[in-house]
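Visitor: Can you read through this structure? Questions will come right after.
Since every read-out is calculated from the coordinates, none of them should be taken as a lab result. Since the model is a prediction, treat every value here as computed from it, not as a measurement. So basically every Cβ, Gly included, is an ideal-geometry build from the backbone, and we count neighbours across all protein chains shown.
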Amino acid sequence: MRRVMFWIAVVIVLCAFILPIAWVYVTSLKSPEDIFRPEKLAFLPTLYNYKYIVTVRPSLLEFRNALIITLASTALVMGVSLPAAYSFARFNTGGGHLLFITISTRMFPPVVAAIPFFFLFRDWGLLDTHLGLILLYIYFNMSFATFLLYGFFREIPEELEHAAMVDGYGRLSIFRKVIFPLIKPGAAITTVFCLVWAWNEFLFAFLFTRRVARTVAVGLAVFWGSIEIQWGPMAALMGLAILPTLAAAWFMQRFIIRGLTFGAVKG
Amino acid sequence: MAKVKVENLTKKYGSLIAVNNVSFSCKDGEFFSILGPSGAGKTTTLELIAGIKKPDSGDIYIGSSLVNDLSPQARDVAMAFEKYSLYPHFSVYENIAFPLRAPTRKEKLSPKEERKRVEEMANLLGIGELLDRRPQHLSGGQRQRVSLARAMIRRPQVYLLDEPIAHLDAKLKVSARTTLKRLSDKLGITIIYVTHDYKEALALSDRILILREGIIEQVGTPEEVYLYPSSDFVGRLIGDPPINLIDGEVIKKDGKSFFKVEEDFSIQIDQALVSSTEKAAWEEDGRRRIRIGIRPIYVKVSKEKLSDNSFQLPVYAVEHKTDSSIVGFELKDTFLIARTEERVNWRMSEKVWIDFEQKHLHFFKKTVDVSKK
C-alpha cells in the first residue's frame, strides 16, 4: 500500500514538472490551425513555427545577447566571488559586516533597485547595452555566489592550508593547488546557478533593454501582442530557450550530490 | 640541522593565555619533547615555531637567525599535524611528494629521484603498498603514517612533530617509535616532538619540557624529570601507576622530624632529608603542612615488619599485573598505591606493613588536586 502511494506521489510530481514542458514542445510542432483544436490529439508535425522564429524575427540575435550577457556576467561574478568568499571564510574580512552587506543586496525586492538603476544607466548611456545588463547581473549574482561559495570554503579545514604553508607553498599556490581542487564541485554549482539565473532573468532585461541587447527571456514576451498571441512561434522559442537550462540542470545534479557530501572529504 | 631557541614566547587567545612567557633552547641534533596534558599549549608552541601562528610577544630563532617575521614557507621546517591534514584530492604518493615539489624549496628532483625518495620513506613507515590510494580510503593509523612520511621526506632545519604516533595501535606505536628514534640518531636531526604520552617522551627524548597551562614546569633529561620531578604536577604526569601524593604535617619532636598523616600513619624523616622538607613545607592554620611524593615501586609492603619506621594499613584492593601486583590502601583523603616486585595474594582488609624508601621521597608544594573523589 505504501509503495502504491509512493508511486502515485511520484507520478503526480512528475506530471507537474513534465506536462508544461511537454505542452511547449507539442505546441511548437503544431500548425497554427491545430493549436486551437486540443480535442484533436493526432496532428501533422510541422517545423513552421521554428522557421518563423528564425526567419521572421531576430531570435538568433536575442540568443546571442543572452549568451554574451550570461557568460560575461557569470565569469566576472566568479572572478570576484571566489577570492571574496575565500577571504570572508578564512580571514573573516570586515568582521562579518561586509559579508552581511553583500548578502543584504538580495534581501529587498529587486524592483526596488530598478528605478535608481534606471536613472543612473540613462545618464551613463548604459540602457539597452550588453554592458548595462552585465553590470546589473553582476550586482545581483555576486552576493548570492559569494554567500554560496563562502559556505563551501568554510568546509575546508584551515589545517590543510597550514600544512601546505609548512610544506613550502605561498598563498597563491596553496589556493591553486590545494583549495581550488577542493572547491571545484562547489564552484561548479555556483557557476551553474549564476548562468541559469542570468539566462532566465526577465524583469531587468525587460526594463533596461529595447532592441539591441534584448535577451531571449524578454523576446518570449513579445509574442503577447495587443491583437493576438502567437502561441506557435512562442512555444518554439520557449522550447529552444529552456534547452540550456535543462542541460545545466542535468550537469549540475551530479555535482549537487558531490557538493552535499563535501564535508566527508576531510583529510 | 639547526638549534632552535625560543625566548619569552607568549600567545593569547582572547583572555586565555595559551603559551605564557616560555623560553627554551633545543640543541642542534637534539630530540626535544614537549610533554603536557591537553590544553597545556604544546601544539600552540609548535605552531608558533612553524610560523602558522604569530606570537603576541617573544622571539623565535632557528639556527642563528630570528624568524619572527618569516612566513612558514620561508622557515624551512617540516611539521606533522595531529589531525594529519592530508590533502584529500591527492594520492598518498602525491601527499608525500608535495613538500618536495614546493617552489620555495628548490629541491628540483627528477621524477625518478622523487619516486625513489617517496618510496624509501613510505617503505620505512610501512605504507609502501598504499601509495596510489586516496587518504579517505585509509585507516586512522595509516593516515597518521602518511602524515609522518610527508613531514619526514625533506631535510629541513627542524622537524616539528605534533603527536605523530598518538593514533597508532599499540604494536605499531612501538615500531614507529623505534623507526623515529633510528631516524633521529642516524641523521642527527633536530626534532621537537609534542606528546601527551610520557612513555613516548621518556623513550625517545634527549630532553623533555613539561608544560602546564602554558607555563614551563620543568626541563630536563628523561632521568631528571622521572627521578627529580620539580613539582607534584610533573611527578603525577610521569609514571604508571602515578606517583603517590600524600598531604600531611611536619612535626618536630626531640630534634627529630616526623611526617604525620592524621589518623593514618606517621613516619620519621631521615636527617638528610630534613632540609628539603623545610623548603617545601608551608604554614596552614598554625601547622607545618607538606606534600610528599613517592612512586609506587618505592613503597615496600610485606606481611612482616620491615623497619622501625614502617607502619600498618589494611589492604583496600589488590590488582594483578603479569609479574607483580598493585596494592591499594585507603587513606583519609587519597589512596596509597604500592607496586610489589612479585605477585601477592592478600585479602581485603588484611593488615600489611608498609615502608617508604626514603631516598626516593619527594617533597612538594601542593599544586594539583589528588583527592580520591
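Visitor: How large are Rg and Dmax for the stretch B:330-373 when only the alpha carbon atoms are used, in Å?
Guide: 13.4, 36
Visitor: I've got another one for you. Which of the listed residues, B:V234, A:A164, B:F356, is farthest toward the dipole's positive end in the protein assembly as shown, when Lys, Arg count +1 and Asp, Glu count -1 at the beta-carbon?
Guide: The listed residue farthest towards the positive side: A:A164.
Visitor: With a 10 Å Cβ neighbour count serving as the proxy for reagent exposure, in which order, fewest first, do B:L86, A:L60, A:L67 appear? Don't skip to the answer; put the middle values down first.
Guide: On the way: B:L86 26, A:L60 10, A:L67 14.
Final ranking by Cβ density, sparse to dense: A:L60, A:L67, B:L86.
Visitor: Mean residue ellipticity at 222 nm from the helices of chain B, using -39,500 (n - 2.57) per DSSP H segment of n ≥ 4 over the full residue count, to the nearest 500 deg cm²/dmol?
Guide: Values: 9 runs with 86 residues, N = 373.
Result for chain B: -6500 deg cm²/dmol, rounded to the nearest 500.
Visitor: Then there's this: Percent relative contact order of chain B, based on C-alpha pairs within less than 8 angstrom and at least six residues apart?
Guide: Values: 772 pairs, mean separation 58.1, N = 373.
The normalised contact order for chain B reaches 16 percent.
Visitor: Taking the Cα centre as origin and putting +1 on Lys and Arg beta-carbons and -1 on Asp and Glu beta-carbons, what dipole magnitude results for chain B, to the nearest 20 debye?
Guide: Numbers: 59 positive and 53 negative charges, 230 e Å.
Computed about the Cα centre, the dipole is about 1100 debye.
Visitor: Now for a different question. Report the Cα centroid-to-centroid distance between the stretch A:158-185 and the stretch A:80-98 in angstrom, as an integer.
Guide: The stretch A:158-185 and the stretch A:80-98 have Cα centres spaced 17 Å from each other.
Visitor: Do any GluC sites (Glu not before Pro) in the stretch A:11-97 lie in a DSSP loop with no more than 13 other beta carbon atoms within 10 Å, and if so, which?
Guide: Numbers: sites: A:E33, A:E39, A:E62; in loops: A:E39.
Qualifying residues, ordered by number: A:E39.
Visitor: Right, something else. Please work out the FRET efficiency for the pair B:D369 and B:S275, using the Cβ-Cβ distance as r and a Förster radius of 30 Å; give the result to the nearest 0.05.
Guide: Numbers: r = 27 Å, r/R0 = 0.91.
E(calc), rounded to 0.05, equals 0.65.
Visitor: Work out the mean other chain Cβ neighbour count within 10 Å for the residues of B:80-93 and drop it here as an integer.
Guide: Values: counts 2, 6, 1, 7, 5, 12, 5, 9, 11, 8, 4, 0, 0, 0.
Mean number of neighbouring Cβ atoms from other chains: 5.
Visitor: Expressed as a fraction of 2.2 N^0.38 Å, the rule-of-thumb size for a compact globular protein of N residues, what is the C-alpha radius of gyration of the stretch A:1-151?
Guide: Numbers: Rg = 23.0 Å, N = 151, 2.2 N^0.38 = 14.8 Å.
Compactness ratio reported: 1.55.
Visitor: In what sequence do A:T146, A:T215 fall when counting other Cβ within 10 Å, fewest first?
Guide: With the sparsest Cβ surroundings first, the list reads A:T146, A:T215.
Visitor: Under 21 Å from the Cα of A:K51, which lysines turn up, not counting those fewer than eight places away in the same chain?
Guide: A:K30
Visitor: Using the Cα centre of the stretch B:244-364 as the reference point, and only Cβ charges (+1 on K/R, -1 on D/E), how large is the resulting charge dipole? Debye, rounded to the nearest 20.
Guide: Working: 20 positive and 22 negative charges, 37 e Å.
Here the stretch B:244-364 has a charge dipole of around 180 debye.
Visitor: Kirkwood hydrodynamic radius, chain B, all distinct C-alpha pairs: what's the number in Å?
Guide: Values: mean 1/r = 0.0430 Å⁻¹.
The answer is 23.2 Å.
Visitor: Additional query: Kindly list the residues of the stretch B:203-237 that lie in the label zone of B:D323, defined by a backbone N under 20 Å from the point 7 Å along the Cα-to-C-beta vector.
Guide: B:203
Visitor: Please give the Cα centre distance for the stretch A:27-44 versus the stretch B:13-48, rounded to the nearest Å.
Guide: 81 Å
Visitor: Any idea what diffusion coefficient the stretch B:112-217 gets from Stokes-Einstein, in µm²/s, Kirkwood Rh on alpha carbon pairs, 25 °C, 0.890 mPa s?
Guide: Working: Rh = 14.8 Å.
Rounded to a whole number, D works out at 166 µm²/s.
Visitor: List the trypsin sites (Lys or Arg not before Pro) within the stretch B:77-118 that fall in a DSSP loop (any state other than H, G, I, E or B) and whose Cβ has at most 12 other Cβ atoms within 10 Å.
Guide: B:K106, B:K108
Visitor: Quick one: longest stretch of chain A between exposed loop trypsin sites (Lys or Arg not before Pro), exposed meaning at most 14 other C-beta atoms within 10 Å and loop per DSSP?
Guide: On the way: sites that count: A:K40, A:R106, A:R210, A:R211.
Looking at chain A, A:107-209 is the longest stretch - no exposed trypsin sites (Lys or Arg not before Pro) with at most 14 other Cβ atoms within 10 Å.
Visitor: Continuing with this model, one more query. For peptide B:97-110, what's the mean number of Cβ atoms from other chains within 10 Å of each residue's Cβ? Don't skip to the end; give the middle numbers.
Guide: Numbers: counts 0, 7, 6, 2, 5, 9, 4, 5, 3, 1, 1, 0, 0, 0.
Per-residue shielding by partner chains comes out at 3.
Visitor: Here's a follow-up. Taking the 0 to 90 degree range and rounding to the nearest ten, how far is the long axis of helix A:2-28 tilted relative to the main principal axis of chain A, both from C-alpha atoms?
Guide: 60 degrees
Visitor: Also, quick follow-up: Place +1 on the Cβ of every Lys and Arg and -1 on the Cβ of every Asp and Glu in chain A, take the dipole about the Cα centre, and give the residue among A:N200, A:Y150, A:A247 whose Cα lies farthest towards its positive end.
Guide: My answer, from the dipole projection, is A:A247.
Visitor: Greater than 23 Å separation of Cα atoms is the criterion. Which listed pairs, B:K300/B:K359; B:K305/B:K359; B:K260/B:K300; B:K116/B:K171, meet it? Write out the running numbers ahead of the final one.
Guide: Working: B:K300/B:K359 13 Å; B:K305/B:K359 19 Å; B:K260/B:K300 18 Å; B:K116/B:K171 27 Å.
Where the Cα-Cα span goes over 23 Å, the pairs concerned are B:K116/B:K171.
Visitor: D for the stretch B:244-364, whole µm²/s, Stokes-Einstein with Kirkwood Rh over alpha-carbon pairs at 20 °C and 1.002 mPa s: what number? Before the final figure, lay out each step's value.
Guide: Working: Rh = 14.9 Å.
Answer from the Stokes-Einstein relation: 144 µm²/s.
Visitor: Quick one: if the Förster radius is 35 Å, what FRET efficiency do B:N345 and B:N309 give, using the C-beta to C-beta distance and rounding to 0.05?
Guide: Numbers: r = 26 Å, r/R0 = 0.74.
Working from the Cβ atoms, E equals 0.85.
Visitor: So what does the Cα-only Debye profile of the protein assembly as shown read at q = 0.06, 0.07, 0.08, 0.11 Å⁻¹, as log10 I(q)/I(0), no solvent term?
Guide: With one equal scatterer per Cα and no solvent, log10 I(q)/I(0) is -0.57, -0.69, -0.81, -1.11.
Visitor: Now a separate question. Taking 0.36 nm per intervening residue step and subtracting the Cα-Cα distance, what contour gain separates B:K199 from B:S175 on full extension? Present the calculation step by step, with values, prior to reporting the outcome.
Guide: Details: separation 24, 0.36 × 24 = 8.64 nm, distance 1.38 nm.
Gain on stretching B:K199 to B:S175: 7.3 nm.
Visitor: Using the Cα centre of the stretch B:84-159 as the reference point, and only Cβ charges (+1 on K/R, -1 on D/E), how large is the resulting charge dipole? Debye, rounded to the nearest 20. Intermediate results must be reported in sequence, preceding the final value.
Guide: Working: 15 positive and 8 negative charges, 55 e Å.
Roughly 260 debye for the stretch B:84-159.
Visitor: Let me ask you something else. List B:H360, B:H167 from most exposed to least, where exposure is judged by having the fewest other Cβ atoms within 10 Å.
Guide: On the way: B:H360 14, B:H167 19.
Sorted ascending by nearby Cβ count, the order is B:H360, B:H167.
Visitor: To the nearest 0.05, how large is the calculated FRET efficiency for B:E330 and B:S25 if R₀ is 56 Å and r is the Cβ-Cβ distance?
Guide: Details: r = 45 Å, r/R0 = 0.80.
Efficiency computed from Cβ-Cβ geometry: 0.80.
Visitor: Sequence neighbours fewer than 8 away in the same chain don't count; with that in mind, list the lysines whose C-alpha is under 16 Å from B:K279.
Guide: Output for B:K279: B:K252, B:K365, B:K366.
Visitor: When only Cα pairs under 8 Å and 6 or more residues apart are kept, what is the percent relative contact order across the stretch A:58-265?
Guide: Values: 184 pairs, mean separation 65.3, N = 208.
Rounded, it is 31 percent for the stretch A:58-265.
Visitor: Another question, then. Other chains near B:46-53: what is the mean number of their Cβ atoms within 10 Å of each residue's Cβ?
Guide: Values: counts 0, 2, 0, 0, 4, 3, 7, 1.
Going residue by residue through B:46-53 and averaging, the value is 2.
Visitor: Pick out, from A:L41, A:V24, A:M5, the residue whose Cα sits farthest towards the positive end of the charge dipole of the stretch A:1-46, with +1 on the Cβ of Lys and Arg and -1 on the Cβ of Asp and Glu.
Guide: A:M5
Visitor: While we're looking at this one, here's another question. Mind checking which aspartates and glutamates have their Cα closer than 13 Å to the Cα of B:K42? Skip sequence neighbours fewer than 8 apart in that chain.
Guide: Straight-distance partners of B:K42: B:E82, B:D162, B:E163, B:D197, B:E213, B:E217.
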